[in-house]
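These notes are about the structure you will find just below.
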Amino acid sequence: MPAAAYVHDLSSPEYTPPETPAWAKVTVPEAMRPYLGKNGLDPVWRDVPGPLAKGVMGLDRYQANNFVVWRPETERFLYSEYTPLTVRYRKGTLPLYESFSAPIVAGCRTDTERGVALLLKGLPHVKHPTVPPCCAPVGPGRNATDEELLRSGQGWCNEQARVFIRLCQVNGIPARIIHLFYSDRKTGHTIAEFYADGAWRMADASYWCVFPGPDGALMSAAQCHDGGSGQEWCGRAYYRRQQEMVKLSDAELNLPNQEDPAAWRARFGAETAEYLARKMWTFAVMNHPLPE
């Protein structure tokens, strides 16, 4: 189905708030513009009035609405042109990220090892308010800077993805935002991809999860949405992680709104690998450039 071009004016203040920093704005070739934001999604998402993520501000609102949707017309562009594979990080730009990540990547031999270490050892320091182990409540409209997010130790999924991407970039690893749109056509999630050892690798900064395929190599977002074996292996990875989460103590879960831990475990733990695989529908990609 061809994309409906320019149903939504992404340059308007609704979609690109005036406080969005200039360095964050990403341009694409004219041929890709019909696939930007909701314009590139099917009518269930496209025809809803107004921007996505209405509760967030500034940079976060911009990134929630100016992505490139993954589809046959955009796949080559997204996986060969869109994101630079050379990171031009100026030492001293993000000193907190440098000092925080240095001991994490010490001893890692490859970019894949470094990316996984940054995810599994770094992101537990930035917890989500509703994904266990939960942090305290967080307002959605913080529009926080990179260092404010890492210093705060808490964030929503898009903020956690931003932290992970910056940790990667500080260490010379290309990384970008991935917006997931689930098969219920109502819900979604924000995660990331990092480029390591010649391939893109999907990484969930909220669930602290990567996605090995049948050969053990970490898969990209496209492989995790292939409708076949890659998607099945993606569901297995999420299932393994969720089973780990179910084993957390009540105190570690720290569920919001006095939710009953036993009821949460029963509901969350009942989700199967097959269900989690079917949940994956499509995704979109958003670059997160370094500040100039």
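Can you go through 58, 50 and tell me which one is over 30 Å from residue 248 (Cα atoms), without any contact (Cβ under 8 Å) to a residue 40 or more places away in the chain and in contact with an Asp or Glu (Cβ under 7 Å, 6 or more places away or on another chain)? Even if it seems obvious, please write down each step before you answer.
Values: 58 fails: without any contact (Cβ under 8 Å) to a residue 40 or more places away in the chain.
Testing whether each residue is over 30 Å from residue 248 (Cα atoms), without any contact (Cβ under 8 Å) to a residue 40 or more places away in the chain and in contact with an Asp or Glu (Cβ under 7 Å, 6 or more places away or on another chain) leaves just 50.
Would you pick out the residues in the range 127-143 that are surrounded by 15 or more Cβ atoms within 10 Å (Cβ to Cβ) and farther than 20 Å from residue 265 by Cα? Lay out the reasoning, then the answer.
Filtering the range 127-143 down to residues surrounded by 15 or more Cβ atoms within 10 Å (Cβ to Cβ) leaves 127-135, 138, 140, 142-143.
Once the filter is applied, which keeps residues that are surrounded by 15 or more Cβ atoms within 10 Å (Cβ to Cβ) and farther than 20 Å from residue 265 by Cα, the range 127-143 yields 138, 140, 142, 143.
Of the candidates 241, 267, the single residue that is over 20 Å from residue 184 (Cα atoms) and in a helix (DSSP H, G or I) is 241. Do any helices (runs of 4 or more DSSP H) entirely within the range 44-129 hold 1 or more residues that are aliphatic (A, V, I, L, M) and in contact with a Cys (Cβ under 9 Å, 6 or more places away or on another chain), and if so, which? Once the helices (runs of 4 or more DSSP H) in the range 44-129 are filtered for at least 1 residues that are aliphatic (A, V, I, L, M) and in contact with a Cys (Cβ under 9 Å, 6 or more places away or on another chain), what remains is 111-117. Selection of first residues in the range 178-205 that are in the same structural domain as residue 216 (by TED's automatic domain parsing) and polar (S, T, N, Q) and of second residues that are surrounded by 24 or more Cβ atoms within 10 Å (Cβ to Cβ) and part of a strand (DSSP E or B), restricted to Cβ pairs under 6 Å at least 6 apart or on distinct chains, gives the following pairs, ordered by first then second residue: 190/179. Candidates in the range 258-292 are the residues that are under 30 Å from residue 38 (Cβ atoms) and modelled with pLDDT under 95; of these, the one that is surrounded by the fewest Cβ atoms within 10 Å (Cβ to Cβ) is 292. A residue that is β-branched (Val, Ile, Thr), touching a residue at least 24 places away in the same chain (Cβ under 8 Å) and either part of a helix (DSSP H, G or I) or within 21 Å of residue 79 (Cβ to Cβ) (or both) occurs somewhere in the range 208-226.
The values are calculated or read from the model by the stated rules, or taken from the named source; none is laboratory data. Only a predicted model underlies this, so the values are computations on that prediction, with no experimental measurement involved. Ideal geometry is used to build each Cβ from the backbone, glycine not excepted, and the neighbour counts take in all protein chains shown.
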